[in-house]
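Q: Below are the structure tokens for one structure; questions will follow.
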């Protein structure tokens, strides 16, 4: 494999001559790394590599910044369901890696931290939903159901059918209430 910056000898009067100095031997006679005053032996490549890393860091930052802008401009930018799904997959991955109790204990800090983050994310999602008005509280749900049952009872005379509908709706409310409380 060819070196990125090969060490090449140059004439003593070359403008590309390394500015490095060997003690007792004088100025280095190797070619400078492009963009530096020194050859690879005197660290010329380190400065160029640092510049390249900085350029890549700036590029990555701008790429990240553009992506953040895309998310912020998206109409569903307050929807965290994808992030929640990702956190749940991460948790599942940690748990699936554990073949025994020792491994489970080894991953316990990661699992605990992920569970805490999921809890915070779920709470945030609920707060956003409530703030946006897309989530009804329990009292509002019960009020809507009561009004729906009144509408149904005003239009159906069969008492058995009304009792069946009321029982079915009551069961639904109970199941939904349990999942909300869980």
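Q: Examine segment 123-135 for a residue that is in contact (Cβ under 8 Å) with a residue 24 or more places away in the chain, assigned to a helix (DSSP H, G or I) and touching a helix residue (DSSP H, G or I) at 6+ places or on another chain (Cβ under 6 Å), and state whether such a residue exists.
A: Looking for residues that are in contact (Cβ under 8 Å) with a residue 24 or more places away in the chain, assigned to a helix (DSSP H, G or I) and touching a helix residue (DSSP H, G or I) at 6+ places or on another chain (Cβ under 6 Å), one finds none in segment 123-135, hence no.
Q: If you don't mind, there's one more thing I want to ask. Mind telling me which of the residues 172, 149, 142 ends up being exposed (fewer than 13 other Cβ atoms within 10 Å of the Cβ), more than 30 Å from residue 95 (Cβ to Cβ) and either at pLDDT below 85 or touching a helix residue (DSSP H, G or I) at 6+ places or on another chain (Cβ under 8 Å) (or both)? Please lay out each step first, then the result.
A: Numbers: 149 fails: exposed (fewer than 13 other Cβ atoms within 10 Å of the Cβ); 142 fails: exposed (fewer than 13 other Cβ atoms within 10 Å of the Cβ).
On inspection, the qualifying residue turns out to be 172.
Q: Out of the residues in segment 37-54 meeting the condition of being part of a helix (DSSP H, G or I) and either outside the structural domain of residue 14 (by TED's automatic domain parsing) or more than 38 Å from the chain's Cα centre (by Cα) (or both), tell me which one is surrounded by the most Cβ atoms within 10 Å (Cβ to Cβ).
A: Top of the filtered list is 40.
Q: If I ask for residues that are in a loop (DSSP other than H, G, I, E, B) and either loosely packed, with under 11 Cβ neighbours inside 10 Å or not assigned by TED's automatic domain parsing to the domain that holds residue 46 (or both), which ones from segment 9-31 would you list? I'd like the intermediate steps shown before the answer.
A: Taking segment 9-31 and keeping what is in a loop (DSSP other than H, G, I, E, B), we get 10-16, 18-20, 23-25, 28-29.
Within segment 9-31, 11, 12, 13, 15, 23, 24, 25 meet the criteria.
Q: Looking at 6, 34, which is the one that is modelled with pLDDT of 85 or more and either under 30 Å from residue 121 (Cα atoms) or in a loop (DSSP other than H, G, I, E, B) (or both)?
A: Details: 6 fails: modelled with pLDDT of 85 or more.
After applying the criteria, what remains is 34.
The values are calculated or read from the model by the stated rules, or taken from the named source; none is laboratory data. The shown structure was predicted, so the numbers you read here are calculated from the model rather than taken from an experiment. Cβ: placed from backbone, ideal geometry, glycine included. Neighbour counts: every protein chain shown.
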